[in-house]
Ligand SMILES: Nc1ncnc2c1ncn2[C@@H]1O[C@H](COP(=O)(O)OP(=O)(O)OP(=O)(O)O)[C@@H](O)[C@H]1O
Ligand SMILES: [Mg+2]
């Protein structure tokens, strides 16, 4: 008899402390209904695996009886040809249960993996429509652990737990019935250990549940911590804080170790306890059964059958306690997955959303207010217009709200006050895909996907020809670099773009946007990390790109925005000045001051 604490589901990384493992209700009909609907497409397969399980249980019941017959009837009477037949029958039973078990495992694991696949796909699709504010609030770790840990344990319940539970109950009841039918006295005697077993199981399950949760939580903390530390290894090494980080890691590492040891200790005492109880039952059968054989009220074969049934009696009890654990974990996981799936994206199309197939390019911000978090306003009363095909630049100190304005135009977040319009249509009324497919952005943090450089440039237009890709890369002044690489455009981008410099990443992102050729263009510090010479070279390409498009250009280096049709100076979420480069210089205000400082600095540098 073995007992394992379930560790079969994989737990992905989680941000420290963010992993909530709800102790949860044991049963919640709403969640169960949600989970069961995943089974609906597989009802036939579920029925099939239940059938195999029942047949398997039936076979398990028959073999001890056949053994009894073999001993009592054929061996006792010396009927050896009959014995051969019955031996053959036993062999047949075992072969059948082998086949049945094999088939059931295959059916169930197919169903299980298909459900897993469906749920993960559904979650992923949902992650993609949820807004940025949702992603801001939930750490990557939490979202990953929903996808792997929670979905895994739900799948365990659906694909195996439910069928196992039914079959365990059937098995338990039928063994009890068969034993009572064979010899009520001996059966009742054997059953005296049952209450103790149930008691031990109940006590254990309670503790195991907590232990199981602790191991999950601590291992997910460990993974989360590890992921963060590997990510920040440069900083750790640069500040020579390896010692302190090791000690901090050790704390998390140790609590995971202790949680595991505790769980093992629990099961280490549980299994032998069950073993002893089952031995007691065996002793009772041998002792009292033996005396009954002497008194001719029982046969030897019956004793053998009883021993065999007894050993099968306890497995379902163990399994059921195991299923209860899975059940509760799945309920908690289901609750968390449901929370996400039932979350309506706060930015979505409505029935009156319209397509604007070809944007002309008039952009209006009209008294826009915005805050990421309650009570911390970021933008206040932002009003400006960009006429079609003109360039507006945003300048201003760090944290002023420039990138936020860009995010609002892309409708990554919803303005809390005022209105943003494109071609006179409020952003809220434009279909999201219609809007975003015509907007192009080179973000402040250049992001590349694992894949080749070519793949990344093509990201917005997968059907672009090689010539078009090269043309875009040339315009972004990154073609020469790429073509010098041994694998050229097929060079893989490593995880975290580790094999590319920050400036190179920016230029690839720029090429990506050039290729997509959007109607409205947003450049957020698009060239902030390239050297001045390259920036000068790109300037021309950028000018070409800006030509004929409505553009919003954010830059710290004022030299790059001098030619803009309009410059907005943002400070503390408000527009403090606006005008052309000349006008602003003449005003001799914030901009003029900024410009002079930068001009002097660059003079001093050259
Ligand atoms: N996702 C977010 N959640 C909460 N606050 C945010 C978020 N993003 C930005 N902020 C806050 O909003 C303010 C404006 O940030 P924003 O990124 O727009 O500044 P910025 O002008 O682009 O600065 P920089 O020049 O450094 O890029 C900052 O105070 C910042 O802390
Ligand atoms: Mg910014």
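The values are calculated or read from the model by the stated rules, or taken from the named source; none is laboratory data. Note that the structure is predicted; figures quoted are calculated from it, not measured. Counting neighbours? That spans all protein chains shown, and the Cβs are built from the backbone with ideal geometry, glycine included.
If you go through segment 563-593 and keep only what is within 16 Å of ligand 1 (Cβ to nearest atom) and part of a helix (DSSP H, G or I), you end up with 590, 591. With respect to (1) touching a helix residue (DSSP H, G or I) at 6+ places or on another chain (Cβ under 9 Å); (2) under 19 Å from residue 442 (Cβ atoms); (3) without any contact (Cβ under 8 Å) to a residue 60 or more places away in the chain, the lone exception for residue 553 is condition (3). When residue 386 is tested against (1) surrounded by 21 or more Cβ atoms within 10 Å (Cβ to Cβ); (2) touching a residue at least 60 places away in the same chain (Cβ under 8 Å); (3) within 14 Å of ligand 2 (Cβ to nearest atom), just one condition goes unmet, and that condition is (3). Note on segment 418-433: among residues that are part of a helix (DSSP H, G or I) and either within 27 Å of the chain's Cα centre (by Cα) or surrounded by 18 or more Cβ atoms within 10 Å (Cβ to Cβ) (or both), the one that is nearest to ligand 1 (Cβ to nearest atom) is 427. For segment 208-223, state whether one or more residues are out of contact with any helix residue (DSSP H, G or I) (no Cβ under 8 Å at 6 or more places or on another chain), without any contact (Cβ under 8 Å) to a residue 12 or more places away in the chain and assigned by TED's automatic domain parsing to the domain that holds residue 292. Looking for residues that are out of contact with any helix residue (DSSP H, G or I) (no Cβ under 8 Å at 6 or more places or on another chain), without any contact (Cβ under 8 Å) to a residue 12 or more places away in the chain and assigned by TED's automatic domain parsing to the domain that holds residue 292, one finds at least one in segment 208-223, hence yes.
Only one of 376, 391 is at pLDDT 90 or above and within 14 Å of ligand 1 (Cβ to nearest atom); which?
Numbers: 391 fails: within 14 Å of ligand 1 (Cβ to nearest atom).
Every option except 376 fails the conditions.
Using the structure shown, decide if residue 510 is in contact with a strand residue (DSSP E or B) (Cβ under 7 Å, 6 or more places away or on another chain), under 19 Å from residue 410 (Cα atoms), more than 16 Å from ligand 2 (Cβ to nearest atom) and modelled with pLDDT under 90. Please lay out each step first, then the result.
Working: in contact with a strand residue (DSSP E or B) (Cβ under 7 Å, 6 or more places away or on another chain): yes; under 19 Å from residue 410 (Cα atoms): yes; more than 16 Å from ligand 2 (Cβ to nearest atom): yes; modelled with pLDDT under 90: no.
No.
Hey, does segment 174-192 have a residue that's within 22 Å of residue 326 (Cβ to Cβ) and buried (at least 16 other Cβ atoms within 10 Å of the Cβ)? Quick ask: steps written out before the conclusion?
Keep residues of segment 174-192 that are within 22 Å of residue 326 (Cβ to Cβ), which gives none.
No: segment 174-192 contains no residue that is within 22 Å of residue 326 (Cβ to Cβ) and buried (at least 16 other Cβ atoms within 10 Å of the Cβ).
Scanning segment 1-48 for residues that are touching a helix residue (DSSP H, G or I) at 6+ places or on another chain (Cβ under 6 Å), in a helix (DSSP H, G or I) and at pLDDT below 90 turns up 31, 34, 35.
Hey, among 406, 415, 400, 393, which residue is surrounded by 17 or more Cβ atoms within 10 Å (Cβ to Cβ) and either free of Cβ contacts under 8 Å to residues at least 40 places away in the same chain or more than 16 Å from ligand 2 (Cβ to nearest atom) (or both)?
Details: 406 fails: either free of Cβ contacts under 8 Å to residues at least 40 places away in the same chain or more than 16 Å from ligand 2 (Cβ to nearest atom) (or both); 400 fails: either free of Cβ contacts under 8 Å to residues at least 40 places away in the same chain or more than 16 Å from ligand 2 (Cβ to nearest atom) (or both); 393 fails: either free of Cβ contacts under 8 Å to residues at least 40 places away in the same chain or more than 16 Å from ligand 2 (Cβ to nearest atom) (or both).
Within the list 406, 415, 400, 393, the selection yields 415.
Here residue 306 meets each of (1) under 25 Å from residue 60 (Cα atoms); (2) surrounded by fewer than 21 Cβ atoms within 10 Å (Cβ to Cβ) with one exception, condition (2).
Taking the condition surrounded by 19 or more Cβ atoms within 10 Å (Cβ to Cβ) and outside the structural domain of residue 382 (by TED's automatic domain parsing), does residue 542 pass? Criteria met by residue 542.
State the number of residues belonging to segment 440-478 that are within 16 Å of ligand 1 (Cβ to nearest atom) and in contact with a helix residue (DSSP H, G or I) (Cβ under 6 Å, 6 or more places away or on another chain).
Within segment 440-478, the subset within 16 Å of ligand 1 (Cβ to nearest atom) is 441-447.
With in contact with a helix residue (DSSP H, G or I) (Cβ under 6 Å, 6 or more places away or on another chain) added as a condition, the list becomes 442, 444, 446.
Residues that pass the stated criteria total 3.
Name the one entry in 132, 147, 119 that is within 16 Å of ligand 2 (Cβ to nearest atom) and in contact (Cβ under 8 Å) with a residue 60 or more places away in the chain.
On the way: 147 fails: within 16 Å of ligand 2 (Cβ to nearest atom); 119 fails: within 16 Å of ligand 2 (Cβ to nearest atom).
Every option except 132 fails the conditions.
When each of 557, 533, 549 is tested for being within 16 Å of ligand 2 (Cβ to nearest atom) and over 38 Å from the mean Cα position of the chain (by Cα), the lone residue that passes is 557.
How many of the residues in segment 434-455 are more than 16 Å from ligand 2 (Cβ to nearest atom) and either exposed (fewer than 15 other Cβ atoms within 10 Å of the Cβ) or not in a helix (DSSP H, G or I) (or both)? Of the residues in segment 434-455, 9 are more than 16 Å from ligand 2 (Cβ to nearest atom) and either exposed (fewer than 15 other Cβ atoms within 10 Å of the Cβ) or not in a helix (DSSP H, G or I) (or both). If you check 534, 560, 597 for being within 21 Å of residue 363 (Cβ to Cβ) and in a helix (DSSP H, G or I), only one passes: 560.
Tell me, which residue of segment 501-527 that is part of a loop (DSSP other than H, G, I, E, B) and over 22 Å from residue 556 (Cβ atoms) is nearest to ligand 1 (Cβ to nearest atom)?
Looking only at segment 501-527, we keep the residues that are part of a loop (DSSP other than H, G, I, E, B), and these are 501, 517-519, 525-527.
Next cut, over 22 Å from residue 556 (Cβ atoms) only: 517-519.
Working: 517: 25, 518: 20, 519: 23 Å.
That would be 518.
None of 401, 367 is within 16 Å of ligand 1 (Cβ to nearest atom) and outside the structural domain of residue 123 (by TED's automatic domain parsing) except 401.
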